[in-house]
Amino acid sequence: MVALLTDTSSLDPEEGIRFRGFSIPELRAHLPKLKDDGEPLPEGLFYLMLIGEIPEKKVVEYISKDWAHRAADIPGHAFDVINALPKSAHPMIQFNTAILAMSTESHFRRAYMDGMDKKDYWDPMYEGVNDLLSRLPVIAAYIYRRVFHNEKYIDLDPSLDWAGNLAHMMGYDSEEVKRLMRLYMVLHSDHEGGNVSAHTTHLVGTALSNPYYSFAAGMNGLAGPLHGMANQEVMNWLEHLIKDIGTDRPSKAQIKEYAENTIKQGRVIPGYGHAVLRKTDPRFSEQLDFANKYIPNAPLIELIRNIYEVVPDVLRATGKVKNPWPNVDAISGSLLSSYGITEYPIYTVLFGVSRALGVLSSLVWDRIYGQPLERPSSNTLEWYMEKVGFKG
């Protein structure tokens, strides 16, 4: 059912995601980079989704500096509420709590309470979106170091770009990890407006909630096992495969047998299939391209390549699967893990930082367009039973 207006990206069942008309390979080719052989800067994608044009490099550099400046002004109580939670609390709980705590700084909330013309709603929303985007890497890295690295925090480096700073503050300063983080942030940033996190952010925003409230709502959706936690499920499946077979380099025949047994047990093979796509997810392909370029012999990457060659045929043989091809989750966790980011609970937080680029760009446009309050009607079960002629 087509029911939403989303300009930032569109999803084609055959081609995959397009951002303002640009495919992922086109983004990797045309968006500004730090180096010619590097990955596109997410700041450039934010500009593209917001403005509709590929920015010049100097514009992207300005956004990087602006966000670094804004990120230095996070209210202390955002960290206080994180520290009030047990370290055992899932990182998404800590992430969302901090997002809500930062809503005390909302430009939109203050402007709305002071009274403003509705045609101007977009302006304080835009300012708040930039504030929130700038601060998310700091919050994510703080949670990561708190939970997994004994509270040994690393300060933001104002000379680095947005994604590079995230890698740095997490404790990963190699250029390859920074490149991976830039690619990861671009690939996970948006996927049209109907997915749970995007639609929820939009829905809550139609009540004129500020960007912190709206984004926090979307992140609650992302935390669900059927949405943003899918990459963790892939990693769990891979771990069980390696353990049960007894090697991190199983043969294709062993992978085939394991995949068939997974299906016979009434379970799905995580990372394969998609609600809309009918071909290999280009986000999977671009990450595999990155892996083949930098770490082709990593055990997990070899395993992912072999699974890719085996599993689609296994799924097709069931006669029940419309899309037997891998999606983005089939490889994203393996890439992070291959570079030492092995703490699976943080993966959804990283996904959330990335997804903010798209859903918050859309939130600004919702206010520009004057999108109305979303209020669908509902009916009782009896009404639906009567409509389909069901007689119990």
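The values are calculated or read from the model by the stated rules, or taken from the named source; none is laboratory data. Note that the coordinates shown come from a computational prediction; the quantities given were computed from them, not determined experimentally. For neighbour counting, all protein chains shown are included, and Cβ atoms are generated from backbone atoms with ideal geometry for every residue, glycine included.
Just a few scattered comments:
- Helices (runs of 4 or more DSSP H) wholly inside the stretch 78-154 that include at least 2 residues being within 20 Å of the chain's Cα centre (by Cα): 91-101, 122-148
- Residue count for the stretch 30-53, restricted to those that are within 21 Å of the chain's Cα centre (by Cα) and either within 18 Å of residue 181 (Cα to Cα) or surrounded by 14 or more Cβ atoms within 10 Å (Cβ to Cβ) (or both): 16
- Residue match in the stretch 297-310 (condition: modelled with pLDDT under 95 and either within 26 Å of residue 133 (Cβ to Cβ) or not polar (S, T, N, Q) (or both)): no
- Cβ separations smaller than 6 Å between residues 6+ apart or across chains give no pair from the stretch 22-43 residues that are modelled with pLDDT under 95 to residues that are exposed (fewer than 13 other Cβ atoms within 10 Å of the Cβ) and β-branched (Val, Ile, Thr).
- The condition (being in contact (Cβ under 8 Å) with a residue 24 or more places away in the chain, outside any helix (DSSP H, G or I) and either touching an Asp or Glu at 6+ places or on another chain (Cβ under 6 Å) or surrounded by fewer than 19 Cβ atoms within 10 Å (Cβ to Cβ) (or both)) is satisfied by just one residue among 203, 208: 208.
- Residues in the stretch 185-229 that are closer than 14 Å to residue 271 by Cβ, of a type in the set (A, V, I, L, M) and more than 11 Å from the chain's Cα centre (by Cα): 226 only.
- Applying the condition of being assigned to a helix (DSSP H, G or I) and free of Cβ contacts under 8 Å to residues at least 60 places away in the same chain to the stretch 260-284 and asking which residue is surrounded by the fewest Cβ atoms within 10 Å (Cβ to Cβ) yields 264.
- Some residue of the stretch 351-361 being aromatic (Phe, Trp, Tyr), surrounded by 12 or more Cβ atoms within 10 Å (Cβ to Cβ), touching a strand residue (DSSP E or B) at 6+ places or on another chain (Cβ under 9 Å) and assigned to a helix (DSSP H, G or I): no
- From the list 341, 331, 346, the one residue that fits, being assigned to a loop (DSSP other than H, G, I, E, B), of a type in the set (Val, Ile, Thr), buried (at least 22 other Cβ atoms within 10 Å of the Cβ) and under 24 Å from the mean Cα position of the chain (by Cα), is 341.
- Qualifying residue in the stretch 214-228 (condition: surrounded by 18 or more Cβ atoms within 10 Å (Cβ to Cβ), of a type in the set (Ser, Thr, Tyr) and closer than 29 Å to residue 362 by Cα): yes
- From the list 17, 74, the lone residue that is over 18 Å from residue 181 (Cα atoms), within 19 Å of the chain's Cα centre (by Cα) and among the aliphatic types (A, V, I, L, M) is 17.
- Number of residues in the stretch 6-26 that are outside any loop (DSSP other than H, G, I, E, B) and either within 21 Å of residue 197 (Cα to Cα) or among the aliphatic types (A, V, I, L, M) (or both) equals 9.
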